[in-house]
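These notes concern the structure reproduced below.
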Amino acid sequence: MATVAHLVQKYVREHPNLELFMQKDLVSFHRLARYIKPAIEAESGGEVQASSIVMALSRMREKMGVKEEEGQKNPGYKSLQISLRSDAMQIDIRKGANTQKRLIELQKIASSSPEDVLSITQSQHEASIVLSQKHETKAIAALKGEKILNIEKNLSLLFLRFGEDILYQPGFFDRVIRELSWEGINIFQVISTLTELIVVLKEEQASKAYEVLRRKLKKRAEKV
């Protein structure tokens, strides 16, 4: 039979926003315990004391704090750099018989300079392309004959450069996304390489996103 602690943890994990509220100490555990008590009792098949739920929530929050402190000690944060680049766009297409050939042509056009950013992500039926907006005309011409599903212009690329140690720290990418989501910032795409994470977002939200991550993540670097 599952313990109250296990059921409470399961409930919180199934509600990511609730977990974020707990991490930020925005939740009264006593009120939360009363609210989730029916769901916990339904899972357990019997009566559960609210005090037991409060204790389980408190212990969960303590563990979150330990993980947060351990994360702050990661030396990868010391080398963290955040920067912005504007004038990007995203093209989404339906994959067809000639898609691979056209993507090769597009790669020649959009990566002519070492500083050019080109990302091509392919799923089973679609391909998503992020590139500099200066290549728009040539890119559309290279994709002639392809079914274009959507074109999103006036995008910015938020770059996070970090040490390789961060790759082995669970939750880093998740933290970036959740901090931006918390501030109401919409993300079009996330691109990652060995030591870089690129967040694709609208230009009008780029400065806010930069400040949010600089404040939240660079603060960690100062504690290392």
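The table for this structure:
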quantity	calculated
Nearby aspartates and glutamates by direct alpha-carbon distance to residue 147 (threshold 13 angstrom, same-chain neighbours under 8 apart not counted)	92, 126
Net charge dipole size for the range 77-223 [Lys, Arg +1 and Asp, Glu -1 on Cβ; Debye, nearest 20]	120
Set of aspartates and glutamates with alpha-carbon distance to residue 134 below 14 Å, sequence-local pairs under 8 removed	87, 115, 116, 152
Rg in Å to one decimal, and Dmax rounded to a whole Å, for the chain via C-alpha atoms	22.2, 66
The range 4-69: relative contact order in percent, alpha carbon pairs under 8 Å with at least 6 residues between	46
Net +/- balance of residues flanking residue 112 in space, Cβ distance below 13 Å, scoring K and R +1, D and E -1	0
Pairs from 95/153; 138/202; 10/216; 10/63 whose Cα-Cα separation, in the structure shown, is over 24 Å	10/216
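No value in this document is a laboratory result; all are computed from the given coordinates. None of the values given here were measured: they were computed from a predicted structure. When we count neighbours, we look across all protein chains shown, and the Cβ atoms used for this are built from the backbone with ideal geometry, even at glycine.
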